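Let me begin by presenting the structure, written as structure tokens, before commenting on it.
The values are calculated or read from the model by the stated rules, or taken from the named source; none is laboratory data. In this text the structure is predicted, and so the values were computed from the model without any measurement. Cβ coordinates were reconstructed from backbone atoms using ideal geometry, including for glycine residues, and neighbour counts include every protein chain displayed.
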Amino acid sequence: MALTMACATVLGTMPAYANSSFSHTATPIKHLVVIFQENVSFDHYFGTYPFVTSSNATAGGACTGTGLAPGRITGVLGIAKAYTTRVGAGPFPTELTGELEEFLRTKGFEYGASTGRPRRCGWFDAFVVRYSAASNGLNSIAMTKLDVLDEFKEIKVCTGYTRNGKPVEDMPFDAKHLEEIKPVYETLPGWEESTTKITEFAKLPDNARAYVDRLSEIVDCEISVVSVGPERNQTIVRPGSLFEEWQK
């Protein structure tokens, strides 16, 4: 289930020549950022077969795909939306239908970048994001599109799965099992006001901050960046966060 999580950004210090093998010492590269297009659910080893790609989509792919030595990686940042989306077929436990899905799709402009086909939309799936954080060794998360949820009175978050009435402890890899699982939801209060012009985390509505903090708690990973729109000045970096330290 290739949901929103786990485009992993690897921050590396690389004192090497910037060629395909990273092997020749020349002009030092102080910082190198490797960005993944896919996510852990598409990984052909750790994803949800057969709905996977043909490459390593976890943070480890930074090494196998570029020749970057593992010891050079100094941090891994995951990218997650404030809700969950999926493109194409396959299991999607938190998928919405009807007006709610269409609202998220329209406000979040959830259409494929190259094909233009509509993305499937649903509530935030903390179970899969937690799996992504663990399998990628995420140090921090950047959460996008918080503003898409501005109008909701209540917001559901998937905190776990059940299968045949029993709690699921680990991420199922079998597509058949994924089709059989049911999401366990926690309902959080919305904030029902615009966040698009807010530039500091402390000035977000109380319930918006509580939402971000609760997601961070459930997925067991710091959320250091929150975006409230598509522009650069709509990206909020939390003071004292790991991402702020990386920028120094």
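Observations on the model:
- Filtering Thr187, Thr115 for residues that are at pLDDT 95 or above and β-branched (Val, Ile, Thr) leaves a single hit, Thr187.
- Out of Ile236, Ile223, Ile198, one residue alone is in contact with an Asp or Glu (Cβ under 7 Å, 6 or more places away or on another chain), buried (at least 18 other Cβ atoms within 10 Å of the Cβ) and either of a type outside the set (Phe, Trp, Tyr) or at positive phi (or both). It is Ile236.
- Residue match in the stretch 123-135 (condition: on the phi > 0 side of the Ramachandran plot, under 14 Å from the mean Cα position of the chain (by Cα) and crowded, with 18+ Cβ neighbours inside 10 Å): no
- Of the listed requirements (1) part of a loop (DSSP other than H, G, I, E, B); (2) at pLDDT 95 or above; (3) surrounded by fewer than 16 Cβ atoms within 10 Å (Cβ to Cβ), Gly229 misses just one: (3).
- For Thr58, the stated conditions do not hold, so it cannot be described as among the polar types (S, T, N, Q), touching a Leu at 6+ places or on another chain (Cβ under 9 Å) and either crowded, with 21+ Cβ neighbours inside 10 Å or at pLDDT 85 or above (or both).
- Condition check for Tyr185: under 19 Å from the mean Cα position of the chain (by Cα) and either assigned to a loop (DSSP other than H, G, I, E, B) or surrounded by fewer than 19 Cβ atoms within 10 Å (Cβ to Cβ) (or both): yes
- In the set Glu193, Glu179, only one residue is acidic (Asp, Glu) and part of a loop (DSSP other than H, G, I, E, B); that residue is Glu193.
- Condition check for Ile73: at pLDDT 75 or above, surrounded by fewer than 23 Cβ atoms within 10 Å (Cβ to Cβ) and touching a helix residue (DSSP H, G or I) at 6+ places or on another chain (Cβ under 9 Å): yes
- The residues listed here are Leu104, Leu100, Leu96; of these, the one that is aliphatic (A, V, I, L, M), loosely packed, with under 15 Cβ neighbours inside 10 Å and at pLDDT 85 or above is Leu100.
- The single condition among (1) within 19 Å of Phe92 (Cα to Cα); (2) surrounded by 13 or more Cβ atoms within 10 Å (Cβ to Cβ) that Lys176 does not meet is (2).
- For the stretch 146-176, residues that are part of a strand (DSSP E or B) and more than 15 Å from Cys121 (Cβ to Cβ) total 8.
- Subset of the stretch 201-220 [in contact with a Ser or Thr (Cβ under 9 Å, 6 or more places away or on another chain), surrounded by 20 or more Cβ atoms within 10 Å (Cβ to Cβ) and under 25 Å from Asn136 (Cα atoms)]: Val219
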